[in-house]
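Below is one structure, written out as structure tokens, with a few remarks after it.
Bear in mind that the values in this text are calculations on the coordinates, not laboratory data. In this text, all values refer to a predicted model and were calculated from it rather than measured experimentally. As a convention, Cβ positions derive from the backbone with ideal geometry for all residues, glycine included, and neighbour counts pool all protein chains shown.
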Amino acid sequence: MHWQTRRFRIDLTRPRVMGIVNVTPDSFSDGGRHDDSRAAIAHCERLVAEGADILDLGGESTRPGAPRVDADSEWARIAPVLAAAVTLGVPVSVDTYKPEVMRRALDASADIVNDVQALQLPGALAAVAGSGAGVCLMHMRGEPASMMELAVYGDVVAEVGAFLVQRARAAQEAGIPADAIALDPGYGFAKSAEHNLSLLAGQQRLAELGYPLLVGWSRKRTLGDITGRPVDQRLPASLAAALRAVAAGARVVRVHDVAATVDAVKVWAAVDAAKIPDIA
Ligand code: HH2
């Protein structure tokens, strides 16, 4: 299994770690920390040194209730960071749902488009098709400002799966190759804690849809609901969720805490590769 992106064919026979770089003043866990480009570039370098397999740059927060940012401002935040990130030897993804930002990022050598709206905005499919970029199609409903009102499901696994398959088909019909597509259940997006947990419990079904699965549990609110911990104390919970997701078929985990996650995934992969001795 692999994920074809612009410059890199990412081997997914072992799970990969995508490091989050939020160039925003208001992201839920690290907003304001890397919102000047020098700090964000230093953060990219640190994450690569810690073993990140992919960098994911975002210029607009998608936390519940986050305000929208216009394409020019979003691009102004990302552009200098992207220019430096693409020199670091790992694939670089841009977390955006705006076709205008996708187009500019792809012109500036981004490898992957990570779209929380699964290329549903007019012009988004066309912005990616023909570029050779990889794409992550994520499930959500509505927009961050209103999405929690839409958290109503019968069978959350089936409904998320059906949406993702439909978006993957639309992407392929628009000319995006199947091996460039990764799917993401969108933990925390238009989903209650109960939905997120049911989705993870049933995630193996999504991993069998025929596309690699990328997941983001890092520091999310459901982990706080379970442990009672604030956002800056959710590393152990995030590691547990990441490993549970890997055990249920995820091939890429999107995280803030790269060094710790790389170690955890290495241990998981080592055990996964070990042979069980025959009992004579
Ligand atoms: N989660 C967030 C943002 N982008 N993209 C994908 N594919 N999957 C996710 O689960 C996902 C995502 C939210 O996390 P974060 O980037 O830390 O926060 P914010 O949106 O507030 O910047």
Task: Cβ-defined net charge surrounding residue 118, 10 Å radius [Lys, Arg +1; Asp, Glu -1] - done: -1
Open item on the list: Taking the Cα centroid of the range 180-242 and of the range 132-172, what is the distance between the two, rounded to the nearest whole Å?
Closed with: 14 Å
Task: Residue among 112, 124, 210 farthest towards the positive dipole end of the chain, charges placed on Cβ - done: 210
Task: lysines with Cα under 24 Å of residue 98, excluding same-chain neighbours fewer than 8 positions away - done: 191, 220
Open item on the list: Taking 30 Å as R0, compute the FRET efficiency from the Cβ-Cβ separation of residue 13 and residue 276 and round it to 0.05.
Closed with: 0.95
Task: Full-extension gain in nm, residue 173 to residue 148, via 0.36 nm per residue minus C-alpha separation - done: 5.9 nm
Task: Principal axis box of the range 122-239, alpha-carbon based, largest edge first, Å - done: 46, 30, 29
TODO: Tell me the label-point distance for the pair residue 39, residue 70, using the 7 Å Cα-to-Cβ offset, in nm and rounded to one decimal.
DONE: 2.5 nm
Task: Linear extension gain, residue 266 paired with residue 193, 0.36 nm per residue minus alpha-carbon span - done: 23.5 nm
Open item on the list: Could you give each residue of the range 203-211 its phi-based ³J(HN,Hα) in whole Hz, using Karplus coefficients 6.51, -1.76, 1.60 with θ = phi - 60°, and x for Gly or Pro?
Closed with: 4, 4, 4, 6, 5, 9, 7, x, 10
Task: Reach of residue 275 by Cα under 30 Å, taken over lysines that are not fewer than 8 positions away in the same chain - done: 266
Open item on the list: What whole-number volume per residue, in cubic angstrom, does the convex hull of the C-alpha atoms of the range 1-117 give?
Closed with: 104 Å³
TODO: Classify the chain as rounded, prolate or oblate, taking a ≥ b ≥ c as the square roots of the eigenvalues of its Cα gyration tensor: rounded when a/c is under 1.5, otherwise prolate if a/b is larger than b/c and oblate if not.
DONE: rounded
- [ ] Quickly estimate the mean residue ellipticity at 222 nm for the chain, helices only: each DSSP H run with n ≥ 4 gives -39500 (n - 2.57), and the total goes over all residues, rounded to 500.
- [x] -12000 deg cm²/dmol
- [ ] Along Cα→Cβ, 7 Å out, is where each label goes; now give me the distance between the ones at residue 208 and residue 84 in nm to one decimal.
- [x] 4.6 nm
